[in-house]
Amino acid sequence: MPASVSFEHVNKTFGDVHAVRDLTMEIDEGEFLVLVGPSGCGKTTALRMVAGLEDLTSGSIRIADEVVNGREPRDRDIAMVFQSYALYPHMSVFDNLAFGLRQRKTPDDEIQRRVADTAAMLGLEDLLARKPRQLSGGQRQRVALGRAIVRRPNVFLMDEPLSNLDAHLRLRTRGEIVTLQRQLQTTVIYVTHDQVEAMTMGTRIAVLNQGVLQQVDTPQHLYDHPANVFVATFIGSPAMNLFSGEVTAAGEGLAFSATGMRFPLAPGLVPVGHTGAVILGFRPEHLRLTATDDPLGVPGEVTLLEPLGSDLFVSVRVAGHEGAVVARLAPETVVRVGERIALAPDLSKAHLFAADTGARL
Ligand SMILES: Nc1ncnc2c1ncn2[C@@H]1O[C@H](COP(=O)(O)OP(=O)(O)OP(=O)(O)O)[C@@H](O)[C@H]1O
Ligand SMILES: [Mg+2]
């Protein structure tokens with residue numbers, strides 16, 4: 001039975017390092033939750049606390065509504081797949097898959113059946129007699145997954161399980177894991193620092209930064225409504241373009257102004273009474289090429305062209321603005337490095353954040 005998992009005000013410190021801060025989050029039964037964030041933000045620590053491999057400093061964790069603090073890992077009915085999975089090199093694939101079941105004194109005919117089912121699910125039927133060294137990287141990865149699946153745990157914990165694979169295999173295995181999870185209807189908590197993996201795999205995504213949960217949401221909602229500047233720039237590639245400036249009154253309405261820029265702001269974008277310093281954000285796909293004398297254009301000099309076949313990423317240096325502004329344009333767009341162009345944002349797609357806290361306004 002898939003189980004729910006919940007964190008309630010969970011803290012974890014290692015000496016001076018506050019690895020996880022006041023984490024409160026609920027993961028429903030059968031959900032595929034992706035935990036994403038930069039290196040060192042506390043992802044592995046959070047997962048290890050669910051597994052029972054790390055004690056909590058404070059707070060509690062529930063699995064299927066039962067507080068599991070202090071419960072041994074083997075009594076939690078979870079299975080964990082690590083980044084550096086280790087198969088037993090001297091054992092066959094069959095024995096690697098059966099190992100955990102034998103340890104639990106599962107009857108022999110049950111072991112045969114479960115290993116056969118799992119091998120069929122993962123396409124390992126013809127490899128059961130082989131030793132790990134006789135397998136490709138992707139096949140080994142599937143055996144490592146199989147070892148977790150064969151136990152039919154209530155919750156799967158996966159910590160960057162694809163990072164050892166090359167790009168092509170990672171893409172394929174990513175799809176396989178998602179399909180498998182939908183088939184098994186099991187609860188998965190999946191850790192990655194790769195935002196593309198997060199977007200494509202998760203039914204919801206939890207973004208962590210420096211041990212603090214920033215936002216938990218569906219991939220699309222996270223992309224369309226990032227809660228703050230950190231989430232806005234972490235999710236999406238190339239990252240959202242951010243402009244620091246001011247909200248000022250402009251006739252009846254409001255406008256955004258910064259060096260070389262002035263845009264009217266749609267009513268409703270800015271909370272009533274808010275003026276002063278803000279950060280305005282546009283995703284690369286919401287900038288288009290415009291005439292250099294367009295009053296709504298952001299003028300600048302092209303510094304880099306990145307043709308992807310499907311899109312053309314154009315980096316532009318804008319006066320008074322740190323870093324490049326990146327636009328995602330149609331691949332047939334003709335621009336040259338060094339050329340002066342102007343980019344007009346789709347104002348209906350503007351994101352507005354407070355300059356001091358970075359929170360979405
Ligand atoms: N056993 C430990 N002793 C001391 N500090 C630790 C220990 N384990 C983790 N930390 C620290 O806690 C913080 C969070 O580490 P964690 O491994 O959870 O990060 P992560 O998000 O998994 O990073 P990565 O993407 O690099 O795997 C880091 O600052 C790390 O150095
Ligand atoms: Mg980690």
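Any read-out appearing in this document is the output of simple, stated calculations on the displayed coordinates, not a laboratory observation. Every value quoted in this text rests on a predicted model; they were computed, and no experiment measured them. Virtual Cβ from ideal backbone geometry, glycine too; neighbours counted across all protein chains shown.
Miscellaneous remarks
- Mean separation of Cα contacts under 8 Å, 6 or more apart, over the residue count of region 213-361: relative contact order %: 25 percent
- Phi-based couplings in Hz for region 156-163 (Karplus 6.51, -1.76, 1.60; Gly and Pro marked x): 9, 10, 10, 10, 6, x, 9, 5
- Note on region 152-172 and region 90-149: Cα centroid distance 16 Å, given to the nearest whole angstrom.
- Amide H contacts of Asn69 (H built 1.01 Å from N, under 5 Å, at least 5 apart or other chain): Ile61
- Fraction of beta bridges assigned by DSSP in the chain that are antiparallel (%, nearest 5): 80 percent
- For the chain, the alpha carbon positions stretch 79, 46, 35 Å along the principal axes, listed from largest to smallest.
- Based on C-alpha pairs under 8 angstrom that are at least 6 apart in sequence, the chain has a relative contact order of 16 percent.
- With N counted as the residues of region 264-304, its alpha-carbon radius of gyration over 2.2 N^0.38 Å works out to 1.51.
- Dipole axis of the chain (+1 Lys, Arg; -1 Asp, Glu on Cβ), positive-most option in Phe32, Thr292, Ala129: Ala129
- A compact globular protein would have a Cα radius of gyration near 2.2 N^0.38 Å; the ratio found for region 241-354 is 1.08.
- Estimated from helices alone, the mean residue ellipticity of the chain at 222 nm is -7000 deg cm²/dmol (sum of -39500 (n - 2.57) over DSSP H runs with n ≥ 4, per residue).
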